[in-house]
Every structure is written in C-alpha cells, then in structure tokens.
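Working notes for the structure below.
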Ligand code: HAM
C-alpha cells in the first residue's frame, strides 16, 4: 500500500494526503531512462552475439518454487521474499531472482529436446524485502543469462566473458572478478564436516546468525560480514583444498580458460553466494574502483542439480545475473553517458485552433516518414514556440498560422540558412525530406 503523508492544514476536516512510492521502490523518470536504455541495448546485443534467446517469465510464482531452489533457509527466501495468498488461497510470491523461474520454464516447456546448451536471457524487476540503502532496493532490476545442458567448464568461462562484455560495452571496465569452487555432491559433504568441526570449536566467537547457520547452512558462515565471524573464518579450511578430482579438473580448466582470455580474477575461498543451488563454480563481479566497497554488480555460478531437483532430468547448467540499478549508479558515478537519443530535426509551430488541428496530421505524416518532430501543441504563443524550436536546435521549423491553415499550406523555415518557403500540405513531407537531405550534405561539406 502506498505510504501516505498527511499534512495538517489547520483545518481538521481538510487533511492533505500526499502519495509517495512505497519504501525501497523508485520511479525511474525520463531523464534517467538513457542509462537504462544503454544497458538494455548492450544486453540485447551481446545476447544476440552469443546466441541467447530472450525469455520473459511471470513476476509471480509459487512460494514453493523458491523454497525448493533458492533455499528455505537463505536470507532471500526466509527473510526477504514478498509472499501472499491469492483469492483462491494459493501461496505465491513476487520473484526475488530469475534462475528458479527459468528452470521451471525449461522443464515446463520441454526445452530439453532443443539443441544443447539451451541459452536463455532475461531482464526485469525482482523483489527483495531487505533494508533499503544505496544500491539496495526492494524492487530492483536484473538481467540474467542461463546456459542449460552443458557440463563443460568452457561454458563457465564463456558466461563470465559474456558478463564482462556487457559491463565493458556500457563503459564499466574495471571489474574485480572473484571466483571459487564449492564442490559437488561427492566432495561437499566431507568438506562440510571439516568446516563444521572447525567452527563448532569456535562457536562462542560466532554471531547469533552464524550459530544458527552451523545447523542450517554452515557454508554461509564463510561470507558473514560480522567482524567476529570474519576473524574465525580466516583460518577455516577452504573448499578448493578439498575438491574431488572431477571438481578440481573443472576448476583448473576454467581458470586456464580465463587465463587464455586474459581475464583477471582472484580466487576468494570465502565466496559461497547466498543461494542454495550452486555446485562447483561460483563467482561475483565487483566494481574495482568502488570507493564505498561492498556492492556486487553481479554474480552467478553452476547449478548442476537444480533441474533434477525440480523434477526434470539430470541436466547441468551455469548462469549469472547482474543488478541494473547498481550498474546505473556506477555509470553515473563514473560520469559515463547514457544511450544517445535522436534529436528532433524539425519543429512544428502553429497558431489558432484550425492550424493546431491540421498540424496533427502533418506531425503524423512526418513521423511515418521517420522524421523526428518536436512540437508544443499546448502553447498558443508563436514567439514562445519559436523560442523552444531555437533551444532544441532544430534544422527546420514548420509554421502554420491562421492564413496557412485556410490555404492548406505551411511555411518551412530553414534555421541553418534563414530562408523560408511556402509549400502545400500535400507536398510538405517530400519537401521537408529534401531540405533535411540538403542540410545534411552541406554540413558534411563544411
Ligand atoms: P544474486 O547475487 O542474488 O544472484 O543477484 C545478482 C545481482 O542482483 C547482485 O549482484 C546485485 O547486483 C543485484 N541485486 C541483488 N539484490 C539487490 C537489491 N536488493 N537491490 C539492487 N540490486 C540487487 C542471483 O540472483 C542469481 N539468480 C544469479 C544467477 C543466475 N546464478 C545463476 N544464474
């Protein structure tokens, strides 16, 4: 429900009600859209280049889907998920992330029969009821890439390459890639035992959350941000030292691929990620020149058991997602410009009701011909309209006054050379095109 600000006006019966966005949620205004468009364009381009097909899934899914995949005991599901009951009593939630929905869709639509790997990408809003702060919103947007059906570590390398290509094509080049391997069903249980026995001996030094995690999710203690836990974890056994031969081979080959691609990385033995489904590879992208530090731009990893867990056949997979809001913030901080918008070349000015009415069809004719037109239909004053045309720096102004509207003509004023010409309404699109072409040529010659 929207937050209401009630302002006391002095009169108790006339309280002013001011509606505002819900805490942790934001409006993205027209001025900001260029940043978003730049990201969306880069995502679409790289997705096309790397053969990913777009998929859109609903924002609402069953609660059960996330409990089984992201994990019942994870912060994302346990503490942050928006849950509600539908009118028919079904328990649903606003999606906190995209991967579970993609896996559900993969199984539901029998994508297994398609050539492997099935490569899917998505963009859209996610919802997490966390404490809002800079870079952390309750509604935020992610783009994500998932490659389903391949075991080969080359896919892990390629997915990392894909993410880095997107970051660099929006101007974010300094990325700190952190990577780790958390093993598989074969080696993780042994490692878990070692870790738990190490941590149990130091239980008193852990925070309350981590004391509970000892039973539910000991791996997560490794990336707890509490000072006392980080100290304990410092000397803890590391998963990379306890990998089975298969996981070791996978990780080594992946690192070799990254070396081959000249992608810099650092192995972070405490990186485990906050979601339950990962096996083998996990990674995160951080802005390396981020002064305030603690904001990940994206992350991902391998999830070789997830499809099976949701009732599909045993199918390996790997993917990542990035936070678009955080990328926009990073672009602004670094002074990176948004997407270029096409500037109008023509301004349409009119005077009087009849002229205004006729201008509508001129506007449509030009727009259909692919010519961007600015106008200010709301303003009656010709002087004000011409001032706006001047501010916009258009090449041509079309003026339709009362006389022209009766004559079915329009004045075309060339703002680059100063001359003007009267043309009939029928010819206006052709004439405007010709003049714009001429101006373009003259600019090229200069
Ligand atoms: P995640 O690390 O939970 O992974 O989220 C990915 C990115 O979403 C984060 O690195 C961050 O940039 C952004 N993000 C997360 N929460 C917020 C928030 N509250 N406000 C703003 N941005 C946020 C996943 O979601 C996995 N599904 C990634 C994945 C795909 N793994 C495999 N495939």
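Structure summary
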{"read-out": "Crossing angle, helix 353-368 versus the chain [Cα axis fit, 0-90 degrees, rounded to tens]", "value": "50 degrees"}
{"read-out": "With Cα atoms, 0 to 90° folded angle of helix 99-108 axis to the chain main axis", "value": "90 degrees"}
{"read-out": "Extension reserve of the residue 392-residue 445 stretch, reckoned as 0.36 nm per residue once the Cα distance is removed", "value": "16.8 nm"}
{"read-out": "The stretch 148-241 - Rg (one decimal) and Dmax (whole number), Cα, Å", "value": "17.0, 48"}
{"read-out": "Convex hull volume per residue in cubic angstrom - Cα atoms of the stretch 278-370", "value": "238 Å³"}
{"read-out": "Value of D in µm² per second that Stokes-Einstein yields for the stretch 113-180, Kirkwood Rh from Cα pairs, at 25 °C (0.890 mPa s)", "value": "170 µm²/s"}
{"read-out": "Over the chain: helical MRE at 222 nm, DSSP H runs n ≥ 4 each giving -39500 (n - 2.57), nearest 500", "value": "-11000 deg cm²/dmol"}
{"read-out": "Nearest-ten-degree value, helix 382-392 long axis tilted from longest Cα axis of the chain", "value": "40 degrees"}
{"read-out": "Fewest-first sequence of 377, 363, 66 by Cβ atoms within 10 Å of each Cβ", "value": "377, 363, 66"}
{"read-out": "Full-stretch length increase - residue 154, residue 27 - with 0.36 nm per residue and alpha-carbon distance subtracted", "value": "41.8 nm"}
{"read-out": "Inter-label distance for residue 334 and residue 200, nm, one decimal - labels placed 7 Å from Cα along Cα-to-Cβ", "value": "4.7 nm"}
{"read-out": "Ranked 88, 376, criterion: other C-beta atoms within 10 Å, fewest first", "value": "88, 376"}
{"read-out": "Percent RCO, i.e. relative contact order, over the stretch 206-303, from Cα pairs under 8 Å lying at least 6 residues apart", "value": "21 percent"}
{"read-out": "Per principal axis, descending, Cα span of the chain in whole Å", "value": "92, 67, 45"}
{"read-out": "Distance (nanometres) between label positions extended 7 Å along Cα→Cβ at residue 364 and residue 72", "value": "6.0 nm"}
{"read-out": "Pairwise FRET efficiency - residue 376 versus residue 424, Cβ, R0 = 22 Å, nearest 0.05", "value": "0.35"}
{"read-out": "Ranked list, fewest to most other Cβ atoms within 10 Å of each Cβ, for 305, 191", "value": "305, 191"}
{"read-out": "Extension gain (nm, one decimal) between residue 105 and residue 267, 0.36 nm per residue minus Cα-Cα", "value": "55.0 nm"}
{"read-out": "Label-to-label distance, nm, for residues given as residue 314 and residue 259 (7 Å Cα→Cβ offset)", "value": "3.1 nm"}
{"read-out": "Three-way shape call for the stretch 71-136 based on the alpha-carbon gyration tensor, with the a/c threshold at 1.5", "value": "oblate"}
{"read-out": "Cα gyration tensor shape for the stretch 347-424, rounded if a/c is under 1.5, else prolate or oblate", "value": "rounded"}
{"read-out": "Cα gyration tensor category, rounded, prolate or oblate, for the stretch 173-319 with a/c compared to 1.5", "value": "oblate"}
{"read-out": "Base-10 log of normalised Debye intensity for the stretch 76-201 (one unit scatterer per alpha-carbon) at q = 0.14, 0.17, 0.23 Å⁻¹", "value": "-1.00, -1.26, -1.29"}
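Bear in mind these aren't lab numbers, they're just calculated from the coordinates by the rules spelled out. Here the structure is a predicted model, which is why all the values come from computation and not from measurement. Please note: Cβ atoms are built from the backbone with ideal geometry, for glycine as well, and neighbour counts cover all protein chains shown.
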